[in-house]
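Just so it is clear, none of the values below were taken in a lab; they were calculated from the coordinates. Here the structure is a predicted model, which is why all the values come from computation and not from measurement. Every residue, glycine as well, gets a Cβ built from its backbone with ideal geometry; the counts of neighbours run over all protein chains shown.
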Amino acid sequence: MESRSLIAKRVAQEFKDGDLVNLGIGIPTLAANYIPANISVTLHSENGFVGLGPAGALVDRDLTNAGGQPASIALGGATFDSAMSFTIIRGGHLTATVLGALEVDQEGNLANWMVPGKLVPGMGGAMDLVVGAKRVIVAMEHAGRDGAPKIVRKCTLPLTASQEVDLIITELGVFEVTKQGLVLTEIAPNVELQTIKERTSADYVVSPNLKEMQV
Amino acid sequence: MNKVINLNQAVGHINDAAVIMIGGFLSVGTPEAIIDSIIKKNVKNLTIIANDSGFPTSGIGKLVVSRQVKKLVVSHIGTNPETGRQMRENELEVELVPQGTLIERIRSGGAGLGGVLTPTGLGTMVADGKQIITVDGKDFLLEKPLRAEVALIKAARADTAGNLIFRKSARNFNPVIATAADIVIAEVQDVVPVGQIEPDEVMLPGILVDYLVKIQEEPYGK
């Protein structure tokens, strides 16, 4: 399985019936394709509604997802203004937020909004999502395009939030962020522990109950 | 009083160096016709408070491209490369604010509050130079209120009293900025007589809306 799909499939296993979840742009958005049919998960779109669904045949200029792409609202969904949208986010009403990262470190710090001097898109809603959601799941490819580790001892890029990340899911494995540091709890099929070690610069321990990712 | 005015009358309220709030999220729910009229009037040195700077060819981005903006207070500029370019060349000042903090700063400005206490941005560069206030053992950043001279909003439907109905995800910042400006101008597609919008359907009370500009747009669903 291609790594982005593999990550998205594993992310979807984190969801439970009745959850309200915000999915960031990129790999996190793909997780919507793998939500099991026997559970109901509501997606929150920070531009102002719950019940986010894929675009239908008719494009409606008044309805997009938070990335500006055409979208739909599922039956039972609701629209609201940005103050309500961020009340939902910051007020602890989101079960989980799933986001990508430029860097995530062993203390659960996250950097995903700017590279000084190079890329300054702005934080959008990311800082509020990471602080407000009950669970913060980072879903990303394990290393950068240049092969540089993205799971590091200490973030060097400007932080999105301090010590808020709970879980890191990559195409190689799954790490839990605990008070004692990172714990590798799952490893992807046909991946060696040595490979993870080579591509991770953070300190971590391998769980005694290490499992294979079910993807 | 008659609230319905034309585009020329609307931009008569916007002068050089004005501080304006504009509704929309990546140009969805942005009053495009009023923006086009501001470009025609060619006022300069605007300070714009909004969610984002749109795209080069739509929304607030058009005002950046036409070099009428001195300062932006926004959460995101990534969809408009021209904003980034002007920022790097020091031609444009950009204050990046987390989206949830931005909307609450505006809400507090419109609600008569002295600001908001939020955990968002603690431990990041957003906290630089800001006061941290501890409430019941928990730290918060003090974020100050925002107000503007003019708010430009977009709605789907109005009655002649200015009561507004928004549509789908085009609501976003619009009803909130309408509370935080001295003059509020709404670009609407439809103006109906009072009584045709039930009080329970009103999403923004007309007492907050000073003027309506009726714009003929192509039908929904396109």
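Of all DSSP bridge pairs formed entirely within segment A:155-208, close to 75 percent run antiparallel.
Projecting label points 7 angstrom from Cα along Cα→Cβ for B:D200 and B:K130 puts them 4.0 nm apart. Largest GNM mean-square fluctuation among B:M125, B:M21, B:M87, using chain B with Cα springs under 10 Å: B:M125. Less than 5 angstrom separates the built amide H of B:V73 from those of B:I48, B:I49, B:A50, B:E95, all sequence-distant by 5 or more or on a different chain.
Under a Gaussian network description of chain B, with springs only between Cα atoms under 10 Å, the residue in B:V192, B:V150, B:V65 that fluctuates furthest is B:V192. Here the Karplus curve 6.51 cos²θ - 1.76 cosθ + 1.60, taken at θ = phi - 60°, turns the phi angles of segment B:72-78 into couplings of 10, 10, 8, 9, 7, 10, x Hz, with x standing for Gly and Pro.
Remark on segment A:1-114: ratio of C-alpha radius of gyration to 2.2 N^0.38 Å is 1.08.
Proximity of backbone amide H atoms, modeled 1.01 Å from N, is registered between A:E103 and A:A111 at under 5 Å, excluding neighbours fewer than 5 places apart on the same chain. Share of antiparallel DSSP beta bridges in segment A:3-212, in percent to the nearest 5? Within segment A:3-212, antiparallel bridges account for around 55 percent of the total.
Distance from the C-alpha centroid of segment B:62-92 to that of segment A:91-118: 25 Å, rounded to the whole angstrom.
Working note: Karplus 6.51/-1.76/1.60 with θ = phi - 60° gives segment A:87-97 the couplings 5, 4, 5, 7, x, x, 8, 8, 5, 7, 10 Hz, where Gly and Pro are set to x.
Projected onto their three principal axes, the Cα atoms of chain B cover extents of 52, 43, 32 Å, largest first.
Computed from the Kirkwood radius of its Cα pairs, the Stokes-Einstein diffusion coefficient for segment A:3-212 at 4 °C and 1.567 mPa s stands at 74 µm²/s. Dividing the mean sequence gap of close Cα pairs (under 8 Å, 6+ apart) by how many residues segment A:48-197 holds gives a relative contact order of 20 percent. Phi angles across segment B:19-35 convert, under the Karplus curve 6.51 cos²θ - 1.76 cosθ + 1.60 with θ = phi - 60°, into 3J(HN,Hα) values of 9, 10, 9, 10, x, x, 9, 6, 6, 7, x, 9, x, 5, 5, 5, 4 Hz, Gly and Pro given as x. The relative contact order of chain B, computed from alpha carbon pairs under 8 Å that lie at least 6 residues apart in sequence, is 22 percent. Across chain A, the longest run free of exposed loop sites, meaning GluC sites (Glu not before Pro) lying outside DSSP classes H, G, I, E and B with no more than 10 other Cβ atoms within 10 Å, spans A:3-191.
Only aspartates and glutamates eight or more places from A:K134 in sequence, or on another chain, were considered; those with a Cα closer than 14 Å are A:E14, A:D19, A:E164, A:D166. Three semi-axes describe the equivalent ellipsoid of the protein assembly as shown; taken as square roots of 5 times the Cα gyration tensor eigenvalues and ordered largest first, they are 40, 23, 19 Å. Taking the DSSP beta bridges with both ends in the protein assembly as shown, the antiparallel portion is around 40 percent.
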